[in-house]
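Heads up, the thing below is written out as C-alpha cells.
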There are 2 protein chains.
Amino acid sequence: MPQRHGLGNQEVLGNQTEIDQSNPTMNWNNLYAKRTRWMTRSAIREVLKVTAQREIISFAGGLPAADLFPLDRVSEAATRVLKTIGPSALQYSQTEGIGGLRDWIAGKFNVQRENVLITSGSQQALDLIGRVILDEGDRAIVESPTYLALLSAWRPLGVEFIPAPADADGMQVDQLEALLQPQRPKCIYLTPNFQNPQGTTLTQERRIALLEFARKHSIAIVEDNPYSELRYRGASLPHLIDLDADAQATNDGVVIHVGTFSKVLMPGLRIGWVVAASPLIDKLVLAKQAADLHTSTFNQHVALELATNGCMDELIPRLRQAYRERLEAMLAALEAHFPRGASWMRPDGGIFLLATLPKSVNTTELLPPALEQNVAFVPGEEFHLNGEGRNTLRLNFSNPTPGKINAGIERLAEVVKRACSA
Amino acid sequence: MPQRHGLGNQEVLGNQTEIDQSNPTMNWNNLYAKRTRWMTRSAIREVLKVTAQREIISFAGGLPAADLFPLDRVSEAATRVLKTIGPSALQYSQTEGIGGLRDWIAGKFNVQRENVLITSGSQQALDLIGRVILDEGDRAIVESPTYLALLSAWRPLGVEFIPAPADADGMQVDQLEALLQPQRPKCIYLTPNFQNPQGTTLTQERRIALLEFARKHSIAIVEDNPYSELRYRGASLPHLIDLDADAQATNDGVVIHVGTFSKVLMPGLRIGWVVAASPLIDKLVLAKQAADLHTSTFNQHVALELATNGCMDELIPRLRQAYRERLEAMLAALEAHFPRGASWMRPDGGIFLLATLPKSVNTTELLPPALEQNVAFVPGEEFHLNGEGRNTLRLNFSNPTPGKINAGIERLAEVVKRACSA
C-alpha cells in the first residue's frame, strides 16, 4: 500500500478497530497537579483578545510598533544566515545558545561566555530562574506593583511574594530590612529601568543601596531589563550587574541579569538571555534542556546577524525617536483631557506609564464602558499585591501612533470623567 | 551626554560607585530549589560535546541529515512570510499558536483548533504536560528503556517512574495491570512508533489493549510521535489518538498526542504541538504563557508555509529514501562486522536502533576506547530504569552517510570484539 504523506494516520485502518466504548470518559479535573490551580489567566490576555477582535485604540498590550520593524533587513538576514552558516543554522544546537551570540552578549556586559545563557524570550529566563532557585514556601521580594507575567511564572511554584513599596524613584530600598522576617527571602525581583507597569526608574543611590543590602543578606537580585535602551531623556544609569562586576568576575555576584531582543529588535523571534554567575548558569542550562532543549538555532543566528550588521544600531534610535513622540503625545493628551484628581507618571523611557484616578474609581469597572468606546487599557489592580491599585490603569504608548494616542486618551477621558462624577 | 547604543551600560559611571565590597560572596549552592538536585546532565549531551570537537563518526546524537535540509526553500519561505504576512510575523502573538498552523494540525488529526497547542519543540510539550498533571510523588508508567529527555523533564517534578517491560513489539500492555498498585499511575508515556532508543513499534493489538486499559482506569496516555512519517517498510498503524477519536470529539479522550516538525522539516525551527482534550489544552496554555509567552511567531509562519507549499511533501519521501538506505547500511555493517553474541533491533522506521552485547560487556566502559577510535554511540544504561541495559548501546543511523556508517560500525566492532574477548 502506498505510504501517506502528512502527519495524521487516521484513515489507515478506518473503523476496523475494536475499542470497547464502555469506559470512554476522562475527567481531566481529577488529573491536574496542585500547581495547576495556581496558574491563572491574566486580565491582559483577555483584554488583548477583545482588542484583536475589532477596531479599537489599544493602550492595553506591551507591543512594540510593528510598522517600524525593518522587514527587508530581516529578510536579508535570514537569507544571509542560510547562505553563510548553512544547514547547521536549522539543526539542533547547544542548550546554552550559539557561541557567537553568547560572546556578543558577554562582550556587552564584560563577562565570559560561560556567564551567558540564551533563552526563548526573557519570559523563559524568569521561568527557569524560578524553577532553579524557588521552592514552595520560599519568599521573593517584588515591587508593588510589579510585572504580571513574573507573578504568573513563579506563582505555580508556591512562592510567597513579599511586596516592597515603590514610589516615583522605584523600589524603596530603605524599607527592605523590615521584609527579612520571619524568613529571609531568597531573591528580589525588579525592573530598575522604566518599570512595567509604573514607568519608574530606580535612582543611582537606591541601586547601590539595593546591591549592598542583597550582598549583606546573600539574597539574589533578579534584574529584569527589557527597556534600558529605550531612554528618551536623562543619562543612563549603570545596571545592577555592572555595579556587581567585581563579584561577578569571581562568580560571587548576587545579580542575575535578564535581557531580551524583544523591544530592540522584534518579539516574534523570542530571543532573551540571562547573565549570571556560571554555577547558576550551569543549573539554568539543565532546567532549559528539560524545558525546550534549546532556543531556535535559526532565530539566534538571525538575531546575531541583525545585532552585528548595523540593523539594530539603526533601529534603536528610530524606536527612541518614535516612542519619545508617542510618550509626549500621551502626556499632552492626558494633560488636555483627563479630569482634575487624576495623576500619572512621567517616565524617562520604556513603553508604559501608570495613571492614578481618584480613590473612588475602580478601573476594573471602567474597562467595559471603555471597550464600548473602542479604547482599551489594563486595570492596575492585577499588577499590585495586597489588593492595592484599584484606582490605577496601565497605559502603553509604544504601539498606537500619536494621532491615535490623542484620540484614544480623549475617548478614555470621557469614560473616566463619567466615573469620577458618578 | 550622548546615549550609547548596545545593551550594556557598564561604562556610564565607570568606577565612581560606592559599593561596600566587604560582603561580596554568594554561595549559589545554598540557594537552589530542591527540584534542582533532580536535574541531571545527560550522558548524550556529554558525548555530543566530545563528538563536536573532532572528526568522529557519530552514532550518538538524534540528528537528522542536515545535508538534506532544503535551504533554498527555507530562504524563500522566510522571504515570502515577511512579504505576505508583514510585520505581524515578527510581533508578539497568541500563546496557543497562530491560527493557520493550529488549523493545519487540527485537520491532520480530525480535531478542532481548540484541541491544538503549538509548542517550542515537542520537548516543551512534554515539559508542560508534566507541569500540568504531575505532583511530587505521582506515578508515571514509561517503557524501559525510554526517551531520556522525558525523564529529565519529569524527574525534577518528583515523579516516580514505573518501568513497564517492553519487547520487540513495544510496551507489554498485558503486564500493566500489575503496575496499578500501590497507587494508580496518573499517566503512561510511550513512543508507539520506532521508539527511541529501541526502534520498536507497538502492534495494533497492543494499541487497542493499551487504550482500553487507560480508559478503564482513567489514566492519561502521553503519545510521543516524532517519527511516524519515517516509516521504511510495512503499513502505518493508527495513532492512539486516532483510536481515541470518538472520545476526543467530546473532550473525553484519554490520549495526549505530542508531535513535532523536527524530524520532517528542521529541528532548528523548534516547532512542536500537543493535540488533546480542550480542557487540558486550556491548562497547558496557562503553563506555556508562564513558560515563554508563545512560540516564535516567525518560525510558526515559516513552518506553516513549508508544510503547505509542497516543500514538506517533497522532503519526507527524500528523508525516507535516505534513512532507509542508512538503516540498511547499518544492518548490513552490523551483520558483517559485529561478533557472535551481539544482537540488534531491525526497526521499521525512525532513526535509532538498540544493539545488545553479551551480558559481560558494560557499554559505558566501551565508550572511551570507541571515542579513541573516533566512533561514538550512547550507552544504553541511561535509557533504562532499575539499572538494566548495561550491555546495550543506542545507534543513530539518520545522520552519518552509508559510507561512514559502514566504516564506523567496522571500527566500533573492533572495540566490541576486544571487550567480548576480554
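The values are calculated or read from the model by the stated rules, or taken from the named source; none is laboratory data. Just so we're clear, the structure is a prediction, and the values are computed from it rather than from any experiment. Note: ideal-geometry Cβ built from the backbone for every residue, glycine included; neighbour counts use all protein chains shown.
A few comments on the model shown:
- On inspection, residue A:162 fails the criterion of being within 25 Å of residue A:243 (Cβ to Cβ), touching a helix residue (DSSP H, G or I) at 6+ places or on another chain (Cβ under 8 Å) and within 12 Å of chain B (Cβ to nearest Cβ).
- Residue count for the stretch B:287-320, restricted to those that are more than 9 Å from chain A (Cβ to nearest Cβ) and of a type in the set (Ser, Thr, Tyr): 1
- Subset of the stretch A:79-138 [within 7 Å of chain B (Cβ to nearest Cβ), touching a Leu at 6+ places or on another chain (Cβ under 7 Å) and among the β-branched types (Val, Ile, Thr)]: A:132, A:133
- Test for residue A:284: is it within 11 Å of chain B (Cβ to nearest Cβ) and in a loop (DSSP other than H, G, I, E, B): no
- Candidates A:346, A:320 - the one that is in contact with a Phe, Trp or Tyr (Cβ under 9 Å, 6 or more places away or on another chain), at pLDDT 95 or above and basic (Lys, Arg): A:320
- Residue match in the stretch A:190-202 (condition: in contact with a Lys or Arg (Cβ under 7 Å, 6 or more places away or on another chain) and hydroxyl-bearing (Ser, Thr, Tyr)): no
- Residue that is nearest to the other protein chains (Cβ to nearest Cβ), among those in the stretch B:239-255 that are touching an Asp or Glu at 6+ places or on another chain (Cβ under 7 Å) and closer than 23 Å to residue B:304 by Cβ: B:239
- Qualifying positions in the stretch A:256-281 - among the small types (Gly, Ala, Ser) and facing chain B (nearest Cβ under 7 Å): A:259, A:268, A:277
- Flag for residue A:58 being more than 11 Å from chain B (Cβ to nearest Cβ) and of a type in the set (Ser, Thr, Tyr): yes
- Matching residues in the stretch A:64-78 - criterion: being at the interface with chain B (Cβ under 7 Å from one of its Cβ atoms) and not hydrophobic (A, V, I, L, M, F, W, C): A:67, A:75
- Restricting the stretch A:349-377 to residues that are part of a strand (DSSP E or B) and either farther than 12 Å from residue A:405 by Cβ or modelled with pLDDT under 95 (or both), the residue that is farthest from the chain's Cα centre (by Cα): A:356
- When B:103, B:127, B:169, B:138 are screened for being surrounded by 24 or more Cβ atoms within 10 Å (Cβ to Cβ) and in contact with a helix residue (DSSP H, G or I) (Cβ under 9 Å, 6 or more places away or on another chain), only B:127 passes.
- Among the residues of the stretch B:394-414, those that are out of contact with any Lys or Arg (no Cβ under 7 Å at 6 or more places or on another chain), buried (at least 23 other Cβ atoms within 10 Å of the Cβ) and more than 15 Å from residue B:48 (Cα to Cα) comprise B:408, B:409, B:412.
Per-residue answers, yes or no, for (1) hydroxyl-bearing (Ser, Thr, Tyr); (2) touching a residue at least 60 places away in the same chain (Cβ under 8 Å); (3) under 26 Å from residue B:153 (Cβ atoms); (4) outside the structural domain of residue A:213 (by TED's automatic domain parsing):
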residue	(1), (2), (3), (4)
A:253	no, no, no, no
A:264	no, no, no, no
A:271	no, yes, yes, no
A:278	yes, yes, yes, no
A:288	no, yes, yes, no
A:293	no, yes, yes, no
A:299	no, no, yes, no
A:302	no, yes, no, no
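- Evaluation of residue A:333 against (1) outside any helix (DSSP H, G or I); (2) away from chain B (no Cβ under 13 Å) (one fails), failing number: (1)
- Residues satisfying the stated conditions in the stretch B:300-330, i.e. farther than 19 Å from residue B:67 by Cβ and part of a helix (DSSP H, G or I): B:300, B:301, B:302, B:303, B:304, B:305, B:307, B:308, B:313
- Hey, residue B:253 within 15 Å of the chain's Cα centre (by Cα), closer than 26 Å to residue B:106 by Cα and surrounded by 24 or more Cβ atoms within 10 Å (Cβ to Cβ) or not: no
- Filter result (of a type in the set (A, V, I, L, M) and touching a strand residue (DSSP E or B) at 6+ places or on another chain (Cβ under 9 Å)) within the stretch A:273-290: A:274, A:275, A:276, A:277, A:280, A:281, A:284, A:285
- Test: residue in the stretch A:236-254 that is of a type in the set (Gly, Ala, Ser), within 24 Å of residue A:327 (Cβ to Cβ) and assigned to a loop (DSSP other than H, G, I, E, B): yes
- Test: residue in the stretch A:122-139 that is under 21 Å from residue B:45 (Cβ atoms), modelled with pLDDT of 95 or more and more than 23 Å from the chain's Cα centre (by Cα): no
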